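Data first, discussion second: the structure below is written as structure tokens.
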Amino acid sequence: MVFVESIAVVFGLAASVFAAPAASDTTFKSSVFEKISTIPSAWTASKDLKVDKDASPISLRIHLVQPGMEKFLDMAMKIATPDHELYGNHLSQSVIDAMVVPKNSSRDLVLQWLSSEGLEKSATVSPRGDSIILDTTISEVEKLLNAEYTPFSNSKSGDSILRTMEYSLPDVLKGHVDSVQPTTFFGLQAMRSNVKDWTPNIDVENLGTDAVSAVTGCTGSSITPTCLANLYNLTSYTTKTQTVGRMGIGGFLKQHPVMTDLTKFLTNYAYYANQAMKYTCVLINAGTCPTTDTSSNIIEANLDVQYAQAITQNIPNYYYSTGGSPPIVGSGSNTNEPYLEFLNYLLALDDASLPNTLSISYGDDEATVPLSYATSTCNLFAQLGARGVSILVSSGDSGVGTTCNVNGVTQFTTSFPAGCPWVTTVGGTTGNSPEAAWTYGGSGFSEIFGRPSYQDTQVLNWLTTDTTHTAVTNYFNASGRAYPDISAQATNFIVYILGSASGVSGTSASAPTTAGIIQLLNSDRIASGKKGLGFLNPWLYSSAASASAFNDITSGKVSGCSGVISGGGFSAVAGWDPATGLGTPNFGNLLTVAQATA
Ligand SMILES: *[C@@H]1O[C@H](CO)[C@@H](O)[C@H](O)[C@H]1NC(C)=O
Ligand SMILES: *[C@@H]1O[C@H](CO)[C@@H](O)[C@H](O)[C@H]1NC(C)=O
Ligand SMILES: *[C@@H]1O[C@H](CO)[C@@H](O)[C@H](O)[C@H]1NC(C)=O
């Protein structure tokens, strides 16, 4: 079913259902719909930036309430649960869209409201029917939403965006609209540690070969693909010439990889891989992929692409470069919300064009993400999972938090989308004798999403038997979705950046590492005529996988809240724990379970 219709057609329909109000109708009385009290970290108001709001375009996404969402989520969970009769029966997008279609009255009410404001010519129904898209100017949206957009700059990326701290909607739209963006959501940051971000020009020749490296392939404290292959039991797979499937990597904030760096990296560090492999750069919403750039624009993407490609060897890799924050000064600028653009782009792809696995190394403090945005975005992840995509997300690089104050309450802070129950969240480890929890690895219990049943057994076991966290029980919500689910190495990854080897740290490294390993499983299954694993978590936590397919990490601790909460953090202990989840992957054993799964 195609939903792209011009408003004239739709409104003609609506007018026959509703008595059209006069243009000056006062039934559209408004009140504040959403409000944020703090500017997210890394962003500051930049008052000196001059913006011509009449000349600044905006594509406003008015998301409609989807009454069938709970029913869909229930089915999506069954599809992902091994032993359920629906397991692996991934859905097409048209079936999902039909299940979650908003009420016509919701759509018509929004269109009627926009018409009464004289904006009907600028409105379209989104391709999947879940939103009304309004393409207009910032000044029109300010009037419409009773909002004030001001410029904010990001200290890390240098980007500037227009956002508002609050907006209003007509009361009559309550129960019909659940989210309007871009408004109050600022965007997600790359999950690289501020503490050990990267070290340029590592002296690769002098890394040396010591007794540990002879066994592990890990030189000193540095991580290479060979080292990961040894640690995670995939050396026996490094000669495979598997070519089916697609590995996907999400990229934002002008980040893009550089092909010559990948080639050099594969030549020097992944002797077994097809060194001629080239990723495909997919440009979404004016994203970019130039052949070179400044190092700060390529660290994240080079890390992601080099490790995903080295691990997946001959399997095609796709880098999705999503734009959305070009200069805002003057005309021709736009203010789109890149994360939603990215997910909507993927959901619009046909099944054969979807990646089987998606690695995402971007996130932000959960407390700075508006609830409506977090919920609707998490529901989009659930849809991708039900389509058959396995999604791996970095857990964050601030341990249990930095400032540890959420709206005046002293508590551990959590990350989004790490806390969304529909993604697989990957924490950090470091070292190899033994492999231990990385002190900065993101960890915690979501304050907005409840605990999904797939992790009840392991998390309840930890809550009731672990004695290392008794002093901090007041600082997290034990009934929230707990993360990470799994973990992987996070420090000193050797990455080529503009021709030279550098050391990069962060759970930004853990996500493409585990995503590459999951893609090997997905490709193996697809090659033997099975479906990909799709949304992973119920499978990961099932006894078949959790009993043997992970290296249980039992030493080290994630920490945080220094000076605010004494002893802030979580220790790695036997079994699942919020420091390292189920543990790090044992690929050989995971493959055995994946091959035995229906
Ligand atoms: C809702 O609108 C669609 C598209 O305009 C139409 O095909 C469908 O029949 C309508 N459904 C109801 C229940 O009116
Ligand atoms: C804890 O989390 C649950 C599930 O998300 C929520 O219902 C509850 O309100 C939270 N409690 C507190 C005190 O935040
Ligand atoms: C590695 O995987 C293989 C299966 O491919 C398995 O037989 C072996 O026991 C695993 N090694 C370890 C150390 O777990």
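Can you tell me how many residues in segment 334-374 are touching a strand residue (DSSP E or B) at 6+ places or on another chain (Cβ under 7 Å) and within 25 Å of GLU34 (Cα to Cα)?
So the count comes out to 20.
What is the number of the single condition among (1) within 25 Å of PRO512 (Cα to Cα); (2) modelled with pLDDT of 90 or more; (3) more than 16 Å from ligand 3 (Cβ to nearest atom) that THR199 does not meet?
Going through (1) within 25 Å of PRO512 (Cα to Cα); (2) modelled with pLDDT of 90 or more; (3) more than 16 Å from ligand 3 (Cβ to nearest atom) one by one, THR199 breaks only (2).
If you take the residues of segment 576-594 that are over 15 Å from SER542 (Cβ atoms) and surrounded by fewer than 24 Cβ atoms within 10 Å (Cβ to Cβ), which of them is nearest to ligand 2 (Cβ to nearest atom)?
ASN586
Restricting attention to segment 233-253, which residues are touching a helix residue (DSSP H, G or I) at 6+ places or on another chain (Cβ under 7 Å) and either surrounded by fewer than 24 Cβ atoms within 10 Å (Cβ to Cβ) or in a helix (DSSP H, G or I) (or both)?
Of all residues in segment 233-253, those touching a helix residue (DSSP H, G or I) at 6+ places or on another chain (Cβ under 7 Å) come to 233-238, 242, 244-245, 247, 249-252.
ASN233, LEU234, THR235, SER236, TYR237, THR238, GLN242, VAL244, GLY245 - these are the residues of segment 233-253 that are touching a helix residue (DSSP H, G or I) at 6+ places or on another chain (Cβ under 7 Å) and either surrounded by fewer than 24 Cβ atoms within 10 Å (Cβ to Cβ) or in a helix (DSSP H, G or I) (or both).
Answer with yes or no whether THR425 is over 18 Å from the mean Cα position of the chain (by Cα), β-branched (Val, Ile, Thr) and away from ligand 3 (no atom under 16 Å from the Cβ). Write out each step before concluding.
On the way: over 18 Å from the mean Cα position of the chain (by Cα): no; β-branched (Val, Ile, Thr): yes; away from ligand 3 (no atom under 16 Å from the Cβ): yes.
The answer is no for THR425.
Can you tell me how many residues in segment 262-315 are more than 21 Å from LEU349 (Cβ to Cβ), surrounded by fewer than 21 Cβ atoms within 10 Å (Cβ to Cβ) and β-branched (Val, Ile, Thr)?
Qualifying residue count for the region: 5.
Here are LYS103, LYS53, LYS35, LYS47: which of them is in contact with a His (Cβ under 8 Å, 6 or more places away or on another chain) and of a type in the set (D, E, K, R)?
Among LYS103, LYS53, LYS35, LYS47, only LYS103 is in contact with a His (Cβ under 8 Å, 6 or more places away or on another chain) and of a type in the set (D, E, K, R).
Out of segment 563-598, which residues are away from ligand 3 (no atom under 16 Å from the Cβ), outside any strand (DSSP E or B), among the hydroxyl-bearing types (Ser, Thr, Tyr) and at pLDDT 95 or above?
Selection gives THR580 alone.
With the structure loaded, tell me whether GLY442 is more than 12 Å from ligand 2 (Cβ to nearest atom), more than 21 Å from the chain's Cα centre (by Cα) and among the small types (Gly, Ala, Ser) or whether it fails that test.
No.
Under the condition of being part of a loop (DSSP other than H, G, I, E, B) and over 24 Å from the mean Cα position of the chain (by Cα), which residue from segment 458-499 is surrounded by the most Cβ atoms within 10 Å (Cβ to Cβ)? Please lay out each step first, then the result.
In the first step, residues of segment 458-499 are kept if they are part of a loop (DSSP other than H, G, I, E, B); the result is 466-469, 476-479, 484-485, 490-492, 498-499.
Going one step further and asking which of them are over 24 Å from the mean Cα position of the chain (by Cα), we end up with 466-469, 498-499.
Details: ASP466: 17, THR467: 7, THR468: 16, HIS469: 20, LEU498: 16, GLY499: 11.
Ranking the qualifying residues of segment 458-499, first place goes to HIS469.
Can you find, within segment 74-114, the residue that is farthest from LEU384 (Cα to Cα) among those that are within 15 Å of ligand 1 (Cβ to nearest atom) and of a type in the set (D, E, K, R)?
ASP108
Would you check which residues across segment 500-530 are surrounded by 23 or more Cβ atoms within 10 Å (Cβ to Cβ) and either assigned to a loop (DSSP other than H, G, I, E, B) or outside the structural domain of THR291 (by TED's automatic domain parsing) (or both) and list them?
Residues satisfying the conditions are SER505, GLY506.
Look through GLY534, GLY560, GLY569, GLY529 and report the one residue that is without any contact (Cβ under 8 Å) to a residue 12 or more places away in the chain, farther than 22 Å from ALA229 by Cβ and more than 16 Å from ligand 2 (Cβ to nearest atom).
None of the others qualify; the one that does is GLY529.
ALA229 versus (1) over 26 Å from the mean Cα position of the chain (by Cα); (2) within 16 Å of ligand 3 (Cβ to nearest atom); (3) crowded, with 20+ Cβ neighbours inside 10 Å: which is the lone unmet condition?
Among (1) over 26 Å from the mean Cα position of the chain (by Cα); (2) within 16 Å of ligand 3 (Cβ to nearest atom); (3) crowded, with 20+ Cβ neighbours inside 10 Å, ALA229 violates only (1).
Would you say ALA545 is of a type in the set (A, V, I, L, M, F, W, C), at pLDDT below 95 and farther than 30 Å from ASN297 by Cβ?
Numbers: of a type in the set (A, V, I, L, M, F, W, C): yes; at pLDDT below 95: yes; farther than 30 Å from ASN297 by Cβ: yes.
The answer is yes for ALA545.
The values are calculated or read from the model by the stated rules, or taken from the named source; none is laboratory data. In this text, all values refer to a predicted model and were calculated from it rather than measured experimentally. When we count neighbours, we look across all protein chains shown, and the Cβ atoms used for this are built from the backbone with ideal geometry, even at glycine.
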